[in-house]
Structure formats: structure tokens, C-alpha cells
Amino acid sequence: MKWYPPSGSDGRCGLPGGRISRAKASGRVPPAVIANRRSSAATDRPLWFSTAAPGPLLAPLRGQSETDVLVIGGGIAGATTALHLAERGVEVTLVEGDQPGGGATGQSGGLVAPDYIRHSPNTICDTLGAEAGARLTRMIGDSAGFVFDLIDKHGIDCDPRQDGFYTPAHTGVMAKNQRAHADQWRALGYDVEFVEAAASERLFGSQRYSGALRFAAGGSLNPLGYVRGIVRAALDGGARVFADSRVISLQRRGGTWVCRTREGTIRSRRLVLAANGGNAALHPAMARTSLPLHVVQFATAPLSPQERMATLPEGGAFTDKRPYLFTARTDGLGHLISGYPTTLFVRSERAQCREAERRLRQNFAALPEPEISHLWRGLAWVNTSLLPEVYDLGDEAIAIQACNGRGIATNTALGAEVAEMLATGDREVLS
């Protein structure tokens, strides 16, 4: 994780005069509605909106109010930060422009991945230094277990499946590197192993890989149900949470942050920006810190028992590391959920559905005629380091940014660490 010190900002946010016009507090880009050419069951929302447990009823911010810490953004990063602040007795208010999970969280594939995208424990220490590298590796390595412990602690109904997370190797060179990575993780005490090619073929129902790195603590969940459960726990702990409260201006006035929505104004001593890509509209220092990655996510109709045994017979979730990556997991209802990167304008909706079917056939011989029931466009935010980043914006404001497609596990752990820093004042937590 990179910790960015203050950049000398004058504390004003957004447009000249410190005002933000129509800033999107959630960083939400409405998902494209992609009709399945073969199935009348295709919906205009991600699968999770059909299967997640209901969330708490939340009102918009209205009138005038004050708080110690204001969190902007109701995804996993913001909700987890609010939860842990509330548990520590800190007065905290969360403001979300949509409903919790209405942005990248609810559009994701729901994978719980306690690993790096590009790095290994050793290369992180080489890059960040031994102490900072070891701290970040502990946070990443513990992140999946932390997710499932949090689910157990608060009784969150989100179809949690701690049955392993895999990163398959598509070349012999990558398989060799992953064997070394497994050794590095095991040396630190984590249950990580390299699965050889024959075993990976059985686990994935695919002959395309030369083995895989397996993180036993990882898995998958319903991301919308998860964030709704975190918000409910935060409310139970004493946090205030407001939905449908898009930020329209954010200013620093006389040592206080002043946040205006359409119907209300809230003043805070401290500020956490957790709006993903929307952070750029909330503070000038966040401009050009990340880039959007458009992803098509899709789900099949529930598989038959025979199909399930031939695809992911032992469960688990995986994301390979091809440039044109492929992911797969199942849920408790038998849907096979997958995704691939795309661009916003290149493919027609019909072509995206055909591509989803082609990729399933290519990877799973047991699915010669896959039936796509849900197909939607999601949005991840990435940076050049492919590491989570925290920015010190000065004036008692920080921003959580760019978890690079690993947001469920990483943001859960990062929210707890940000809360610890705010509650204790110990900035070494994020060094």
C-alpha cells in the first residue's frame, strides 16, 4: 500500500472557489443494460440485486448536522471504515450518492482474493522496503480471513464461500514463478500452495492451464449482500448512514469540512473519501490518480448437477493472469459467474453476449451451449502500481483509492486500518 503525504493543496475541492458541481459521491457509472439474445431472464441489473438479502432502509441526508468523521462513499471501503470507527466509539457519518453497493461493489464478481495482482511478497519488500513491505503483505495475506471473520461476527447473509481462491498459470514460465510465490507465502505462515496441471484440470474443468496458485483462505460471496450487511452492522454500532445523498459541494471552511447534498448539509472535523473513481471529483489532488477499467460480468442460469460437477466440482473461485483475463466462480443457487475486460464503446450488446458464451465454451467443455441469464457492465479503477493507495490530503482528510479489482478483500482490511489510524492517530498503521 502506498501512503501519499499532503501535496500542498489549499484545502479547496473541485471547481474554482472550492465547490463541486454535481460530484458523484459513489463514483458510480450506471451499468449498461445488456439484453441476452437467448434468454428472457436477462435483467437490467447485476445478478446480486436478485439474490442479495435486503439492506437497511436508509433516508437521504436532510437539514443541518455535524459529525467528527465524514465518510463519502458507501462501497466496501467506506462502509468498513464507518463500521470500525463506530465500534471504536468515534462519531462517524457515511454519505452515499446511491444506495450502498450501487457502484463498483454491486457490479463486481464477488471474488475474495488475498493476493497481489502483479507482485509477490519478496518483490513488495524490494519495492517498498522490508518493514513497509512486510506490513502490506500481512494486510493482504490476512484480508480474506478478515472478510469471513467479519461475516461470522456480524451474521452477514451474503452466501459466503471460503473454498479457495486460485490464480491459474497459462504458461510454463508463469507456473515456475507461481511455485516460487507459493514458497514465499508459506514461509510467512499462509496456507498457499501450487496446484499442478493435472489437479488444476480437475478443479477448473479446463485444460487451458499449467497449474495454479491456491490461497486456501480465499473464496467468493454476494458482494451486494456483503456491503449491505456491513452497513447494517455499522448502524447497529452507532454510525449514521445516509443514502441517495449525492455530494454537490465540498469545502474547507475555518477548520471544518462542509459537505452539501441536495437536501442537507453536514459539517465534520475529519474526512475520508471512499468514492472510488469519484474521488477525483471531490478533491483536486485525486485527479488522474487512477484509470477506469470496464469489465463485462455475466452469470449463467443455474447449472445442472452434472454441469456443476464438470466445471468447478470442488467450488473455489479463480482469476487468471492473461492480458485478456478470465474469471469464474459459482454461487449457492448454481449460477456460474464470470467476466472479462472490455471497452465502453467497442462492442455492441449482442456481441458482448456472444463473447460471454464463447469464453464459457472455450474454458468449460461441459458447457457447449451456456445460457446467460444476467449480463452487466462493471467498472474497476486501476493505477500503475496495481497496489492499494491511501492519500493524505492535508486538512484532516484522507482518500482510499484504486484497489485494482481486488477490492472486496483489500478494502475490507484497509477500511479497518484507516479506522485504526483515525481513532488512535497512529499513522504508522499506513506506512
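Every read-out reported here was derived from the displayed coordinates using simple, explicitly stated rules and does not represent laboratory data. Small disclaimer: the values here were computed from a predicted structure and weren't measured. For neighbour counting, all protein chains shown are included, and Cβ atoms are generated from backbone atoms with ideal geometry for every residue, glycine included.
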Margin query: Just to confirm the filter: which GluC sites (Glu not before Pro) across the stretch 150-207 are DSSP coil and have at most 15 other Cβ within 10 angstrom of their Cβ?
Written below: GLU196
Notebook entry, point to check: When only alpha-carbon atoms count, how far does the stretch 115-208 stretch along each of its three principal axes, as whole angstroms with the largest first?
Noted result: 42, 39, 19
Notebook entry, point to check: Across the Cα atoms of the stretch 165-216, what radius of gyration and what greatest pairwise Cα-Cα distance (Dmax) are found, in Å?
Noted result: 10.3, 31
Note to self: Among GLY415, GLY74, GLY332, which one shows the highest mean-square fluctuation when the chain is modelled as a Gaussian network with alpha-carbon springs under 10 Å?
What the structure shows: GLY332
Next item on the list: Taking all pairs of distinct Cα atoms, average 1/r, flip it, and tell me the Kirkwood hydrodynamic radius of the chain in Å to one decimal place.
Entry: 21.8
Item checked: Of all DSSP beta bridges in the chain, antiparallel share, percent nearest 5 -> 65
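Fewest to most neighbouring Cβ within 10 Å: what's the order for CYS403, CYS158?
CYS158, CYS403
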Next item on the list: Using only Cα atoms, tell me the angle between helix 172-187 and the longest principal axis of the chain; keep it within 0 to 90° and round to the nearest 10.
Entry: 60
Checklist line | Low-density loop cleavage sites - chymotrypsin sites (Phe, Trp or Tyr not before Pro) in the stretch 340-397, where at most 12 other Cβ are within 10 Å (DSSP) | finding: PHE345
Note to self: Given the options VAL272, TRP185, HIS84, identify the residue whose Cα lies farthest towards the positive end of the charge dipole of the chain (+1 on Cβ of Lys, Arg; -1 on Cβ of Asp, Glu).
What the structure shows: VAL272
Check: Relative to the first principal axis of the alpha-carbon coordinates of the chain, what is the inclination of helix 407-424, with its axis defined by its Cα atoms, in degrees from 0 to 90 and to the nearest 10?
Finding: 30
